[in-house]
Amino acid sequence: MSNFVSEIDRLRSVTLVVKDLSESIEFYTKTWGLHVVHQGEHLVQLRARGQEHHVLELHQGSAPGLHSITWGAESQDDVKRMCERLKGLGIVIHFEPHELNDHSGGFGFAFVDPEGRIHQVVSGSKTHTPLHIESLADDACPTQLSHVVVNSLDIAGMTDFLQSVLGFKLSDSTHKMRFFRCNNNHHSIALADFGSVSLNHVAFEMGSWNELMFGVGRVKLAGYPLQWGLGRHGPGDNIFSYFLDPNGLVVEYTAEVQQITDPSWVPGTPEQWARPPERMDQWGFSSQPSDTIKKAMSGQVGLSGKISA
Ligand SMILES: [Fe+2]
């Protein structure tokens with residue numbers, strides 16, 4: 001990854017706190033298309049159809065939201081070197097590098113960002129053979145985690161942290177958001193100015209627009225209406241479709257995320273990405289986001305995203 005100074009080479013997984021583990025497992029398997037790879041008394045790990053051991057971990061808890069973000073690194077040396085580098089910069093270390101006794105294994109450490117989020121960096125986790133999908137109508141399944149968007153009250157400070165400390169690159173800025181990459185994907189994390197420090201949404205990559213449509217159809221038929229989309233975003237050029245999970249957390253199926261391979265890429269500015277308010281996406285096709293999802297994206301949880309039977 002010669003174009004990057006970060007030891008982090010990818011977004012591996014997110015851990016969410018959910019209020020009802022059973023209900024959330026039901027949603028993320030039967031409706032969202034993931035597969036359980038490990039289940040404990042108070043947590044579950046779910047895989048997509050790519051190699052990662054899991055892309056989503058759910059913890060039973062009273063306050064739904066983001067628990068932590070897990071990044072991948074290539075080697076134990078990268079993990080150790082990054083931890084030492086962060087310590088030298090005065091970053092709070094949540095735990096020191098060690099062999100993880102987590103079910104997915106690997107060697108990792110964790111740090112705390114300036115707004116209190118916990119990030120793990122792990123190398124050598126267990127992996128799987130990619131899943132073969134027989135029938136998209138029945139089994140459309142994300143390939144991997146695409147990105148996580150977090151709401152920030154200090155966009156400038158977090159921008160500096162992501163660039164100067166983690167070594168990520170800014171891909172684009174809009175009036176409300178900044179998009180950062182740690183590999184060729186246009187963004188693995190984005191910051192959003194929605195008036196709180198909270199989770200905005202978690203996006204799962206679908207293998208194609210066709211797979212995305214099968215997934216969207218399955219979620220809608222399960223009683224979870226599309227809250228925003230379908231459309232094609234400007235920054236990132238990705239197709240988007242947003243839903244609320246049973247906790248009121250926002251989840252996205254996305255596809256065709258822009259790949260940035262040009263080392264001389266110049267980030268787009270808010271002025272360049274300005275658009276008329278009625279135009280929600282490049283196509284001019286997407287509806288406005290629902291009032292419910294606007295609240296949920298700003299960090300309000302517990303809203304219902306399901307049509308009651
Ligand atoms: Fe997104």
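What's the local net charge at Pro246, with K and R +1, D and E -1, over the other residues with C-beta under 11 Å away? Intermediate results must be reported in sequence, preceding the final value.
Numbers: positive: Lys19, Lys306; negative: Asp20, Glu23, Glu26, Asp245.
Net of charged neighbours comes to -2.
At a threshold of 8 angstrom on Cα-Cα distance, excluding pairs fewer than six apart, so keeping six or more, what relative contact order does the stretch 8-123 reach in percent? Please report the intermediate quantities before stating the final value.
On the way: 240 pairs, mean separation 30.4, N = 116.
Once normalised by length, the contact order is 26 percent.
Which whole-number percentage describes the relative contact order of the stretch 122-187, with Cα contacts under 8 Å and a sequence gap of 6 or more?
That works out to 16 percent.
How much area per residue is accessible in the chain when the probe is 1.4 Å and only protein heavy atoms are counted (Å²)? Could the numbers behind the result be given before it?
Numbers: 13280 Å² over 309 residues.
Normalised by residue count, the accessible surface of the chain is 43 Å².
Rounded, prolate or oblate: which fits the stretch 69-219 when a ≥ b ≥ c are the square roots of the eigenvalues of the alpha-carbon gyration tensor, with rounded for a/c under 1.5 and prolate only if a/b beats b/c?
Oblate, because a/c is 1.5 or more while a/b does not exceed b/c.
For Asp237, put the label point 7 Å out on the Cα→Cβ axis and report which residues of the stretch 167-196 keep their amide N under 14 Å from it.
The answer is 172, 184-187, whose backbone nitrogens lie closer than 14 Å to the label point.
If a/c stays under 1.5 just call it rounded; otherwise compare a/b with b/c (prolate if a/b is bigger, oblate if not). Do that for the stretch 92-181, with a ≥ b ≥ c from the square roots of the Cα gyration tensor eigenvalues. Spell out each step's value before the answer.
Working: a/c = 2.78, a/b = 1.27, b/c = 2.18.
It comes out oblate by the Cα gyration axes.
Who wins for biggest fluctuation among Gly157, Gly50, Gly248 in a Gaussian network model of the chain, springs between alpha carbons below 10 Å?
Gly157
Give me the extension gain from Gln300 to Glu23: residue separation times 0.36 nm, minus the current Cα-Cα distance, reported in nm with one decimal. Don't jump to the answer; show the numbers that get you there.
Details: separation 277, 0.36 × 277 = 99.72 nm, distance 1.94 nm.
Value of the extension gain: 97.8 nm.
Can you give the net charge of the other residues whose Cβ lies under 15 Å from the Cβ of His103, counting K and R as +1 and D and E as -1? Please report the intermediate quantities before stating the final value.
Details: positive: Arg12, Arg47, Lys126; negative: Glu41, Glu52, Glu57, Glu99, Asp102.
Net local charge, His103 excluded: -2.
I'd like the FRET efficiency for Gln288 and His35, computed as 1/(1 + (r/R0)^6) with the beta carbon distance as r and R0 of 22 Å, rounded to 0.05.
Details: r = 34 Å, r/R0 = 1.54.
Using R0 = 22 Å, I get an efficiency of 0.05.
For the chain, which semi-axes, largest first and in whole Å, follow from the square roots of 5 times the eigenvalues of its Cα gyration tensor? Mind showing how you got there, number by number?
Numbers: eigenvalues 149, 117, 70 Å².
Those come to 27, 24, 19 Å.
Could you work out the relative contact order of the chain, using alpha carbon pairs under 8 angstrom and six or more residues apart, expressed as a whole percent?
17
Taking springs between alpha-carbon atoms closer than 10 angstrom, which of Leu131, Leu166, Leu199 fluctuates most in the Gaussian network model of the chain?
Leu131
Return the carbon/sulfur percentage of the accessible area of the chain, one whole number, probe 1.4 Å, all protein chains in place.
Values: 6840 of 13280 Å².
Here carbon and sulfur together make up 52 percent of the probe-accessible area.
Read phi for every residue in the stretch 167-176 and hand back ³J(HN,Hα) as whole Hz from Karplus 6.51 cos²θ - 1.76 cosθ + 1.60, θ = phi - 60°, with x for Gly and Pro.
Working through the residues one at a time gives x, 6, 10, 6, 9, 6, 10, 10, 4, 10 Hz.
Just how many pairs of Lys in the chain have C-alpha atoms closer than 26 Å, counting pairs that are eight or more places apart or on different chains?
Lysine pairs, 8 or more places apart or on different chains, close enough: 20.
Take the Cα pairs of the stretch 142-297, get the Kirkwood Rh, then feed it into Stokes-Einstein at 4 °C and 1.567 mPa s and tell me D in µm²/s. Numbers along the way, then the final one.
Values: Rh = 15.9 Å.
Using the Kirkwood radius from Cα pairs, D works out to 81 µm²/s.
The values are calculated or read from the model by the stated rules, or taken from the named source; none is laboratory data. Note that the coordinates shown come from a computational prediction; the quantities given were computed from them, not determined experimentally. All Cβ positions, even for glycine, are placed from backbone atoms using ideal geometry, and neighbour counts span all protein chains on display. Quick note on the areas: whole protein, heavy atoms, side chains included, nothing else; ligands and nucleic acids left out. Shrake-Rupley method; radii C 1.70, N 1.55, O 1.52, S 1.80 Å.
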